[in-house]
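What follows is calculated from the coordinates using simple rules that are stated; it is not laboratory data. Nothing here was measured: the structure is a model prediction, and the numbers come from that model. So basically every Cβ, Gly included, is an ideal-geometry build from the backbone, and we count neighbours across all protein chains shown.
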Amino acid sequence: MELQSYLDIVYTETSGTALLLDIYRPADDRCYPVLLHVHGGGWCVGGRSRDVECFRHHVEQGYVVVDIDYRLAPEHPYPAACDDVHTAAHWLLAHAEEYGGDARRFGALGYSAGGHLLALLATEANTPLTCTVCWGNPTDMRREPVTPPYRGYAWAFMSACPNEDANLYDAASPVTRLTKQTPPLLHLHGTADGVVPVHHARFLAEAAAQVGAPVEVIIQDGGGHCVAGNAEDGERAEAAIRHFFARHLLPMTTESVG
């Protein structure tokens, strides 16, 4: 399939910095659902992929994929990155049609810190998201969001230790924000994740059950940080993601695409 791309689009300017996004879509005139991708990197490093091959399989399945940058800690601690993801999502609501996207069918996909930021967006009141997939992200910042070797990333992002500002950690924890109105959310996590403890998948499942939020949790035996433990589990994870998005974003007649 031929892909079309729109690169280096400014979605906002803040703190003297222009924040950019890239858009990838099938090279035709049809209108497709939107998938917002938010990168990981411990809230402190990373950026847009700039590699169309990273998103080709989603585009071929019938989506307009939008990959964004956001401000990084420690220079820009919480809630800067959350505000940027929120701003990008609302920019897409206003501009998706210009790029052949249907913002009424608006999914999101993030790994690690990117998953955490999207889980916060998904649990906002009146979120624009239709559904969200997160893999290997913290869900309760109050309970060891990352393992000790990487703890500095969380402290840099939060700009305070939990005992210094408990309210800050409450606000940054998706588990505290779930409601029945939260749009469908799929969370994947590996039991051998050495960065974000797998307990965070269980924290999310327990919190969702308490309030009746539509959350699905897949725990992969032996899976590492945002990666399956073996090829077979990887295929199952990708299939789960594909069918989740198809169920919530694609017409029933196209669910088998890809």
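Structure above, values below:
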| item | result |
| --- | --- |
| Highest average packing first - 158-170, 22-34, 133-145, 195-207, Cβ atoms within 10 Å | 133-145, 195-207, 22-34, 158-170 |
| Antiparallel %, DSSP beta bridges [both residues in the range 3-254], to 5 | 35 percent |
| Efficiency of FRET between ARG247 and VAL52 - r from beta-carbon atoms, R0 30 angstrom, step 0.05 | 0.70 |
| Charge dipole (debye, nearest 20) of the chain; +1 at Cβ of Lys and Arg, -1 at Cβ of Asp and Glu | 520 debye |
| Among GLN61, GLN210, GLN220, residue whose mean-square fluctuation peaks in a GNM of the chain (springs only between Cα atoms under 10 Å) | GLN210 |
| Order of PHE55, PHE244 under a 10 Å beta carbon neighbour criterion, fewest first | PHE244, PHE55 |
| Helix axis angle, 231-249 relative to the chain longest principal axis, alpha carbon, degrees | 70 degrees |
| Angle in degrees between helix 80-95 and the longest Cα principal axis of the chain, rounded to the nearest 10 | 20 degrees |
| For the range 1-112, share of DSSP beta bridges that run antiparallel, in % to the nearest 5 | 50 percent |
| Charge sum, other residues only, whose C-beta stays under 9 Å from PRO197's C-beta, Lys/Arg counted +1 and Asp/Glu -1 | -1 |
| ARG236, ARG48 arranged by Cβ crowding within 10 Å, fewest neighbours leading | ARG236, ARG48 |
| In order through the range 134-148: 3J(HN,Hα) via Karplus (6.51 cos²θ - 1.76 cosθ + 1.60), integer Hz, x for Gly, Pro | 10, 9, x, 10, x, 10, 9, 5, 7, 10, 6, x, 9, 6, x |
| For THR132, THR87, order by how many other beta-carbon atoms lie within 10 Å, fewest first | THR87, THR132 |
| Rounded tilt (10° steps) of 113-122 against the dominant C-alpha axis of the chain | 80 degrees |
| Convex hull volume per residue for the range 3-254, taking Cα atoms only, in Å³ | 118 Å³ |
| Helical mean residue ellipticity (222 nm; -39500 (n - 2.57) per DSSP H run of 4+; nearest 500) of the chain | -9000 deg cm²/dmol |
| Extreme residue, positive dipole direction of the chain, given options PHE55, SER5, THR179 (C-beta unit charges) | THR179 |
| Mean Cα-pair separation over length for the chain, i.e. relative contact order, pairs under 8 Å, 6 or more apart, % | 16 percent |
